[in-house]
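Participant: Before I ask anything, let me first share the structure, which is written out below as structure tokens.
The values are calculated or read from the model by the stated rules, or taken from the named source; none is laboratory data. All of these numbers come straight from a predicted model, not from anything done at the bench. Neighbour counts run over all protein chains shown; Cβ positions are idealised from the backbone, glycine included.
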Amino acid sequence: MAEKQLLHLVIGGELSDLEHNTFKDLSKVDLVGAYPSYDEAKAAWRAKAQETVDNALVRYFIIHAHKLLDPDAEEAEHEH
């Protein structure tokens, strides 16, 4: 049986406010990609974070898009 697809987005860019995760310029937000599992998204996030480790203002995030698409889904279905 195929594993259930749980859509995750990885985005990032330079922040102007580290405390509130405010992007400096929304037109320059880096959309890394969409991934069918948390593990794949985490691997992409880790790679981009390592590429930008020298800039303390750059952050990358994993967005759990499946939660936005189906907010009533059972939390227990999502393991990580």
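Participant: Any residue in region 11-22 that is in contact with a Gly (Cβ under 8 Å, 6 or more places away or on another chain) and modelled with pLDDT of 95 or more?
Facilitator: Looking for residues that are in contact with a Gly (Cβ under 8 Å, 6 or more places away or on another chain) and modelled with pLDDT of 95 or more, one finds none in region 11-22, hence no.
Participant: As an exercise: evaluate Ala76 against (1) modelled with pLDDT of 95 or more; (2) of a type outside the set (D, E, K, R); (3) surrounded by fewer than 12 Cβ atoms within 10 Å (Cβ to Cβ) and give the number of the one condition it does not meet.
Facilitator: (1)
Participant: Which one is nearest to Lys4 (Cα to Cα) among residues in region 14-36 that are in contact with a strand residue (DSSP E or B) (Cβ under 7 Å, 6 or more places away or on another chain) and polar (S, T, N, Q)?
Facilitator: Asn21
Participant: Write out, first by first residue and then by second, each pair whose Cβ atoms fall under 8 Å of each other, whose residues are 6+ apart or on separate chains, and whose first residue, in region 2-23, is part of a strand (DSSP E or B) while the second is modelled with pLDDT under 90.
Facilitator: If the second residue must be modelled with pLDDT under 90, the pairs left are His8/His66.
Participant: Here is a follow-up. For region 28-55, how many residues are in contact with a Leu (Cβ under 9 Å, 6 or more places away or on another chain) and assigned to a loop (DSSP other than H, G, I, E, B)?
Facilitator: 2
Participant: Can I ask one more? Hey, can you tell me all the residues within region 18-32 that are over 11 Å from Arg59 (Cα atoms) and loosely packed, with under 13 Cβ neighbours inside 10 Å?
Facilitator: Across region 18-32, the qualifying residues are Glu19, His20, Asp25, Leu26, Ser27, Lys28, Leu31.
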